[in-house]
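The structure appears right after this line, and notes come after that.
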Amino acid sequence: MEERRWSSPLHPSVHIDHLDANHDDAPLRFRKIDNIVGLASPRGLASRALIAKELHAVSSDEPVSFVEAEGHPSWRKAMEEEMASIEENRTWSLVDLPHGRRAIGLKWVYKVKRDENGAVAKYKARLVVKGYAQRQGIDYDEVFAPVARLDTVRLLIALAAHEGWEVHHMDVKSAFLNGDLKEEVYVEQPAGFISTGNEHKVFKLKKALYGLHQAPRAWNAKLDETLLSFRFRRSPRNMPSTPGGMGRRS
């Protein structure tokens with residue numbers, strides 16, 4: 001295999017007419033990889049290690065752990081907003097862990113939301129359950145939840161356009177937090193928000209959190225119940241085909 005020496009897409013010996021990039025007649029510069037990150041290590045030795053100043057080009061705006069985020073005011077505020085939303089929704093209660101039960105861990109997930117110009121519009125922190133630690137039959141049972149088919153959405157939009165109907169779109173903030181849980185699920189207190197004097201206690205979930213296996217099903221059951229209470233009717237063609245939950249998609 002030929003050793004890669006040039007960082008530019010083409011070797012300088014290639015005629016300019018063969019370049020497919022529009023360079024607006026600006027002078028072309030060809031640079032070797034060594035000109036960018038320094039001289040390579042001799043053959044047979046370990047590859048060169050990048051130093052700190054060389055990593056700024058690939059650094060991310062989104063922390064990968066709570067340790068990275070806790071010192072940043074914007075991320076701290078985002079976590080506080082997430083906790084306030086959870087508390088306001090009465091998602092859990094602080095209890096002692098029952099004998100023989102295991103608390104599932106939580107983790108923070110961070111996301112920078114940007115506007116159409118690429119500027120930071122919002123710092124979003126979400127508390128997520130480590131669902132991979134759940135045990136089927138103990139922490140959850142059925143997980144099936146219906147989803148909308150794109151064909152159905154297209155049909156409704158086409159029908160609305162044909163009939164001249166208004167189309168309304170609704171977004172439920174932190175939708176999964178509204179699903180009621182039937183199972184007993186315990187989670188650890190989240191990093192940065194451990195109750196002083198109650199460090200040994202855990203949260204018993206009353207409602208779902210993102211990351212739980214049964215979260216989609218719990219949210220769908222809550223949405224279904226709410227829509228029916230407002231006298232909406234379910235299409236008979238989209239009813240689940242079996243009591244066990246395996247049904248056709250709406």
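Table for the structure above
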| item | result |
| --- | --- |
| Residue (of 143, 169, 155) at the positive-pole extreme of the range 141-189, dipole from beta-carbon charges | 155 |
| Pair residue 234, residue 77: separation of 7 Å Cα→Cβ label points (nm) | 4.3 |
| At 1.567 mPa s and 4 °C, Stokes diffusion of the range 88-142 via Kirkwood alpha-carbon radius, µm² per second | 89 |
| Where GluC sites (Glu not before Pro) fall in DSSP loop in the range 77-160, at most 10 other Cβ within 10 Å | 116 |
| Hits among lysines - C-alpha to C-alpha of residue 130 under 26 Å, sequence gap 8 or more where chains match | 77, 107, 111, 113, 122, 173, 182, 201, 204, 206, 207, 222 |
| Gained length - residue 182 relative to residue 94, 0.36 nm times residue gap less alpha-carbon distance | 29.9 nm |
| Solvent-accessible area, 1.4 Å probe, carbon plus sulfur percent, for the range 136-197 | 56 |
| Nearest-10 value in Å² for the accessible area of residue 176, using the 1.4 Å probe | 50 |
| Computed label-point distance, nm, for sites residue 121 and residue 224 using a 7 Å Cα→Cβ extension | 3.3 |
| Under 5 Å, built H, 5+ apart or other chain: amide partners of residue 214 | none |
| Contour excess over end-to-end distance, with Cα ends at residue 142 and residue 160 and 0.36 nm allotted per residue | 3.0 nm |
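The values are calculated or read from the model by the stated rules, or taken from the named source; none is laboratory data. Not measured: the values here are computed from a predicted model. Here the Cβ is made from the backbone with ideal geometry for all residues, glycine too, and neighbour counts use every protein chain on show. With ligands, DNA and RNA removed, areas are computed over all heavy atoms of the protein, side chains included. Shrake-Rupley method; radii C 1.70, N 1.55, O 1.52, S 1.80 Å.
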